[in-house]
1. Once the Cα atoms of helix 307-317 and of the chain are each reduced to a long axis, what angle between those two axes, in degrees from 0 to 90 to the nearest 10, is obtained?
2. Using alpha-carbon pairs under 8 Å, 6+ residues apart, how would you state the relative contact order of segment 276-420 in percent?
3. Between ASP208 and ASP549, what is 0.36 nm times their sequence separation minus the Cα-Cα distance? Round to one decimal in nm.
4. Using amide H atoms built in the peptide plane, which far-off residues or other-chain residues are under 5 Å from TYR569 H to H?
5. When the Debye formula is applied to the Cα atoms of segment 139-265, each taken as the same point scatterer, what base-10 log of I(q)/I(0) results at q = 0.11, 0.12, 0.14, 0.17 Å⁻¹?
6. Relative to a virtual label point 7 Å from the Cα of GLN142 in the Cα→beta-carbon direction, which members of segment 90-115 show backbone nitrogen distances below 19 Å?
7. Full extension from GLU557 to LYS522: what is 0.36 nm times the residue separation minus their Cα-Cα distance, to one decimal in nm?
8. For the chain, treating each Cα as an identical point scatterer without solvent, what Debye log10 I(q)/I(0) comes out at q = 0.05, 0.06 1/Å?
Amino acid sequence: MSEITKALTRRFHHDQERIIFWYDEAEEMTAEFDALDLAGVTKLTLDNNQFAIKHRMLRAEPAQKFLLYHKGARPINAQNWLLDVELAHRTFAADQAALWLTAAGLPNHYGDLARAHAPFFKNDKFVAALKALDVGDDSRPQVLRKMVAVCLKTTPNLSEIMGSLLIELAGAQDEKQRLLARCGLDAFLWEELERTWGYTSETPSVKDLTLTLLRTGYATGVGDVETVRSTGLNVEALDFLRHWQNNRHNGAAFATLSAQAATDLDIEADLQRRSLDDLVGIDLFELIDRRILHELVRRVADRTLDAATCEAIVHSRSQSFWFDRPSHPNQYLHPYRAVECAAQFLQMLDTTDLTVRSLRQGVDQYAAHWYLLDQRYRQLIYHSRQSGLPTLLAPLLEQVENLYSNQFLLTLNDRWQTLLDKVDEWPVHGVSAQREFWEEQVRKPFLTRGLKLFVIISDALRYEVGEELLHRVRALDRYDAELTPALTLLPSYTQLGMAALLPHGTLAIDESNHNVVLVDGKSAQGTENRRKILNRALPERATALQAEDLLNLNRDESRALFRDHEVVYIYQNRIDALGDKRESEERVFDGVEEALAELIQIIKKLTNANVTNMIVTADHGFLYQHRELADSDYISESNVASDSAALLHYDRRFILGKGLHPTGSFKKFTAAQVGL
């Protein structure tokens, strides 16, 4: 029921009025009159028919109720032929503004506001939404702000209002801005922004405000006091910019507006005169990160920036907008991490003594310190490959590649080889040996105590990767882990390493096929054969399966696997699957990341199946240089001195044969010397 209907119904039926005159001076209520349906009331329009109507009301129908509508101003008394009737009864006033105010729940003194913003009040949905905001006791600015909020379908908060308009601008739309202008609310909005944020402009617009916000924020960051003063924006405006930028829902819109503003403000030119220190705390433009990275690469390569300072800068940038945002994951995480790893590698190498006094001391030193050089090199290569900025990082990568090859690997290899040439057996005394894994790591500490154990064997999970896994596991809630080094059998390759981890008395390489290693005379090739070997040691209480098969088990199946077995071997092949093939070996460090992520997934799945004891180990490690190696870096058949030697197997890393003679190109062991 409309407000007019309510008012007239009350007067006709509650106040018992019989005749009411309605003068529509603004000539804008005809539709409302026509739409009225008042029970027991006759509607008549005054249009040069006053005498007929007077006769009808007073003579023909003296008891009937009448509503008399006149479109236009009330006639003067001398020309009002119904003056006597009007004086005996009452008039009704209902201009459009009054109706709007009533519908919106606003007091009558806001009539001028309603008329000034008529397009707003003509929209019934807008009026209903405004009334729902409880505007009855609001001041004029409060009412206007709520009207703006209704138009934008947001809350009557200036930050929310401007955020809505910025998102629209980023989408190259202007419907909301045009709606505010049609409703006469744009001028109020600019007045509010001047009063609240200090924003003024001869031609105010959302785009101009955006440029002013970003310009002021950038100038504040670099300490350009004159520019900050000239824009007039206050701290509240900059607080809005910071909070709006950091709201994850606004990320894409901010990135768009920032890119446009960077061009309009020629930020790239200004950045050329800014120092690294000027920019570290600013993240308004993506170009800033590129400039910072350029400076980091230059200064790390020049050795004018130490690792600790580089780490602090990267940590600071890790909190910035562009570092790792949902719409562009890891956008700058990878290049920053690459530079950080390079800085750490260079500083470590400068301060590391690679003296190897004995094989045992070499293993201990590597496990305690030297592994970090391999780790940082791997992480550097991985992050640089993921960065999408190969040209930017190229100078640093070239320097690290040279030092890794010539100062680390070559130096350590020469010193290790000198000691290795003096021994006639393998492995090194005092270091955990792979062939003793079942006895020393499985049977004694677990099986003899009635404890169940899951063994996860990750193909080519070298020591430094295991150290990173250690940190990732410890970072999980309620998990703990420890790490110890171990030495593989020689030659170090998958089939022999996998066999050595199984329960065995003897190990032998099949002379007809080096890919077949015999465990107590039985082939250990493939998961099924390894399962059989485990079952010989623990009948019906041990099994083996591939990692992907484990991950496909549901919860009940996983728990049954734990319930029904004392020992379970799980085989993962992520790293070696890439490193073993020339066409994919450049992705070997990608495989490491995949392996680490999957290992965490496996560990969590086993924990959910009530598994408490797990060992993660490897069949062998690996050595990898991202730069392509020359053929001369590998052994060749021509290095074999004896023409009578019977070669059983040859590849780039080792030779198997009979009658082999030692040369300066490689170290020779007999099968017995390496425990075969």
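1. 30 degrees
2. The value is 27 percent.
3. Full extension from ASP208 to ASP549 adds 116.9 nm.
4. When sequence neighbours closer than 5 places are left aside, the close amide H contacts are VAL455, THR543, ALA544, LEU545.
5. The calculated log intensity ratios at q = 0.11, 0.12, 0.14, 0.17 Å⁻¹ are -0.36, -0.43, -0.59, -0.88.
6. Flagged as within label range: 101-114.
7. Working it through step by step, the gained length comes to 9.6 nm.
8. So the normalised log intensities work out to -0.49, -0.60.
Computed from the coordinates by the stated procedures, all read-outs in this text should not be read as laboratory data. Just so it is clear, the structure is predicted and the values come from calculations on it, not from any experiment. Every residue, glycine as well, gets a Cβ built from its backbone with ideal geometry; the counts of neighbours run over all protein chains shown.
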